[in-house]
Amino acid sequence: MTEQVETRARAPRIANWRAAGMAGLAAIVTVAGIVRAAEPRSSTSPAALSAASQPVQMPSFADLAQAVSPAVVSVYITAEQPAEIATLGDPSQENANPPSSPFEFFFRQFGQPGFGMKPQIVQAQGSGFFISSSGYILTNNHVVDHAKTVNIKTSEGQSYPAKVIGTDAKTDLAVLKVESRTDFPFVAFADKPPRIGDWVLAVGNPFGLGGTVTAGIVSAHGRDIGSGPYDDFLQIDAPVNKGNSGGPTFNLQGQVVGVNTAIFSPSGGSIGIAFDIPASTAKTVAAQLEAKGAVTRGWIGVAVQPVTQDIADSLNLKQAKGALIDQVQAGAPAAKAGLKPSDVVLSMDGNAIADARDLARRVAAVDPGQAISLQVWRNGHEQALRIGVAALPNEATAGLDQQKQAQGELGLWLAPAAGVQGAGTQGVVVMNVDPQGKAAEKGIRRGDLILEVGGKRVSTPQEFLAALDGATKNGQRAVLLRIGSAASTDTHFVALPLA
């Protein structure tokens, strides 16, 4: 009899625990206390059964939703995209990864048939939120990428044109500006990250439905989903879908803890696993984009990889931690300071380095011109190095060298592959493409790796331009480019008009 009473008393508590919030948790503890205090071991107390059967008070997000929703906007764009992109999915929605990928980044996809076709005008939509009363809005870079026009709609139904102030592809963030008012409601970023298990509220424009709120909890910190070198996502289980990208996720105090960016979804819809850019990253990037339209990151010129247990054993390291130096670029700050391949970076400025991603994020956060102290493991011993940090070469603020590469109607911005993290050492990387230029018409896109021009290998923008000049002087009307990518060994040829 006793066992049966215990089972009946526990069952509603377990069910309620799974569903309840903080307010409900207090009620559960009270109910459990009544059951234990009032229930005789030999019989069931009517008072205890009555208390246990009372419904638990669930938390309400109504006040929070009412307070923050006016600062959240729907973002609508018209964009000019190469023809091969427009064939993927519904053009009225954000573009998603191919079915083979479970990660729905909503990033525009390239590499399909259709090179040489004219770009098409498509429509897309996402979310954003005001970060100042003067009209600055934060959203995702992929929401406004290639945008020709941008319009936002508030929760009150008011529409305003907006312009793109700055974008940062590496963190997938962008800042917009509405000029017509200076009294917009806005929200603030949280000063500290949420805990795993904290309630959060996501607000946005899923499937174009307009202001929608969904609730869940923080599931994990520090997720790496392979979208970039600075991945450090929050994982939440609040339902997030296409159109939510760029929208905010709030804590119970109405502060932004993250920016919705991606979901894990084999089906294309929410299965309860979403990823947010942390508020700490979003706040820093937004400030730079608002101030100067670009993000400046620190750079020392190395390629790094994780330290596995096998690597640690081979180097006589006690723990598989730190970042293994794979390559050091000639002439870069790291090379000048004496950093070498096979060195393992254990700490930076006295703070332990957990892995390769940790080192990349920490170096990127350093202002160019400052110096850092590294503790490295070399030949079985620790060694201290001091390195001056430079600006990441592929940033718009790195200098005029890349900015001068938009040559006439070609519309190309280039950088040496050796100076772009993850691009390898061969060729030049296409950093940006003018959608009105000849290169865009031929299907050349940002991220492409140009390996050869007219059969000649190129490794700098200057060599690229010299090869074009040579072809022009020889009377050629077009030049053949061999194009590849850092992620694949496949290459293809594109005939680029010169006249």
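The values are calculated or read from the model by the stated rules, or taken from the named source; none is laboratory data. The structure presented is a predicted model; accordingly, all values stated were derived computationally and were not measured. Virtual Cβ from ideal backbone geometry, glycine too; neighbours counted across all protein chains shown.
Report yes if Lys163 is more than 17 Å from Gln255 (Cβ to Cβ) and free of Cβ contacts under 8 Å to residues at least 24 places away in the same chain, otherwise no.
yes
Among Gly293, Gly272, Gly246, which is the only one that is within 30 Å of Gly128 (Cβ to Cβ) and crowded, with 18+ Cβ neighbours inside 10 Å?
Working: Gly293 fails: crowded, with 18+ Cβ neighbours inside 10 Å; Gly272 fails: crowded, with 18+ Cβ neighbours inside 10 Å.
Sole residue among the options that is within 30 Å of Gly128 (Cβ to Cβ) and crowded, with 18+ Cβ neighbours inside 10 Å: Gly246.
Could you list, in sequence order, all residues of the range 323-351 that are in a strand (DSSP E or B) and surrounded by fewer than 19 Cβ atoms within 10 Å (Cβ to Cβ)?
The first filter runs over the range 323-351 and keeps only residues in a strand (DSSP E or B), leaving 323-328, 344-348, 351.
Hits for the range 323-351 are Asp326, Gln327, Ser347, Asn351.
Check whether at least one residue in the range 105-118 is crowded, with 21+ Cβ neighbours inside 10 Å and at pLDDT 50 or above, and report yes or no.
no
Here is a yes/no grid of residues against (1) more than 22 Å from Phe61 (Cα to Cα); (2) in contact with a His (Cβ under 6 Å, 6 or more places away or on another chain); (3) modelled with pLDDT of 95 or more:
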{"position": "Pro185", "(1), (2), (3)": "no, no, yes"}
{"position": "Ala188", "(1), (2), (3)": "no, no, yes"}
{"position": "Asn205", "(1), (2), (3)": "no, no, no"}
{"position": "Thr212", "(1), (2), (3)": "no, no, no"}
{"position": "His221", "(1), (2), (3)": "yes, no, no"}
{"position": "Gly226", "(1), (2), (3)": "yes, no, no"}
{"position": "Phe233", "(1), (2), (3)": "yes, no, no"}
{"position": "Asn241", "(1), (2), (3)": "no, no, no"}
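Name every residue in the range 447-481 that is in contact with an Asp or Glu (Cβ under 9 Å, 6 or more places away or on another chain) and basic (Lys, Arg), in order of residue number.
Lys456, Arg457
State the number of residues belonging to the range 228-262 that are touching a Ser or Thr at 6+ places or on another chain (Cβ under 8 Å), of a type outside the set (A, V, I, L, M) and assigned to a loop (DSSP other than H, G, I, E, B).
11
Listed here are the residues, each with its yes/no results for (1) farther than 19 Å from Val73 by Cβ; (2) modelled with pLDDT of 90 or more.
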{"position": "Leu252", "(1), (2)": "yes, yes"}
{"position": "Gly258", "(1), (2)": "no, yes"}
{"position": "Pro266", "(1), (2)": "yes, no"}
{"position": "Gly269", "(1), (2)": "yes, no"}
{"position": "Phe275", "(1), (2)": "yes, yes"}
{"position": "Thr284", "(1), (2)": "yes, yes"}
{"position": "Leu289", "(1), (2)": "no, yes"}
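Can you report the number of residues in the range 357-366 which are in a loop (DSSP other than H, G, I, E, B) and either closer than 14 Å to Ile387 by Cβ or free of Cβ contacts under 8 Å to residues at least 60 places away in the same chain (or both)?
Counting residues in the range 357-366 that are in a loop (DSSP other than H, G, I, E, B) and either closer than 14 Å to Ile387 by Cβ or free of Cβ contacts under 8 Å to residues at least 60 places away in the same chain (or both) gives 1.
Being touching a residue at least 60 places away in the same chain (Cβ under 8 Å), farther than 30 Å from Lys336 by Cβ and not charged (D, E, K, R) narrows it down to one of Asn260, Asn316, so name that one. Step through it out loud before you land on a result.
On the way: Asn316 fails: farther than 30 Å from Lys336 by Cβ.
That would be Asn260, the only listed residue that is touching a residue at least 60 places away in the same chain (Cβ under 8 Å), farther than 30 Å from Lys336 by Cβ and not charged (D, E, K, R).
When you go through Ala320, Ala354 one by one, which is the residue that is in contact with a helix residue (DSSP H, G or I) (Cβ under 8 Å, 6 or more places away or on another chain), part of a loop (DSSP other than H, G, I, E, B) and at pLDDT 90 or above?
So the residue among Ala320, Ala354 that is in contact with a helix residue (DSSP H, G or I) (Cβ under 8 Å, 6 or more places away or on another chain), part of a loop (DSSP other than H, G, I, E, B) and at pLDDT 90 or above is Ala320.
Looking at (1) of a type in the set (Gly, Ala, Ser); (2) in contact with a Lys or Arg (Cβ under 7 Å, 6 or more places away or on another chain); (3) exposed (fewer than 12 other Cβ atoms within 10 Å of the Cβ), can you tell me which one Gly369 breaks?
It is condition (2) that Gly369 fails.
What strands (runs of 3 or more DSSP E) lie completely within the range 117-209 and have 3 or more residues being within 19 Å of the chain's Cα centre (by Cα)?
Per the criteria, 120-130, 136-139, 159-168, 173-177, 199-204.
Restricting attention to the range 398-417, does a residue exist that is within 26 Å of Val328 (Cβ to Cβ), modelled with pLDDT of 70 or more and not in a strand (DSSP E or B)?
The answer is yes; a qualifying residue exists.
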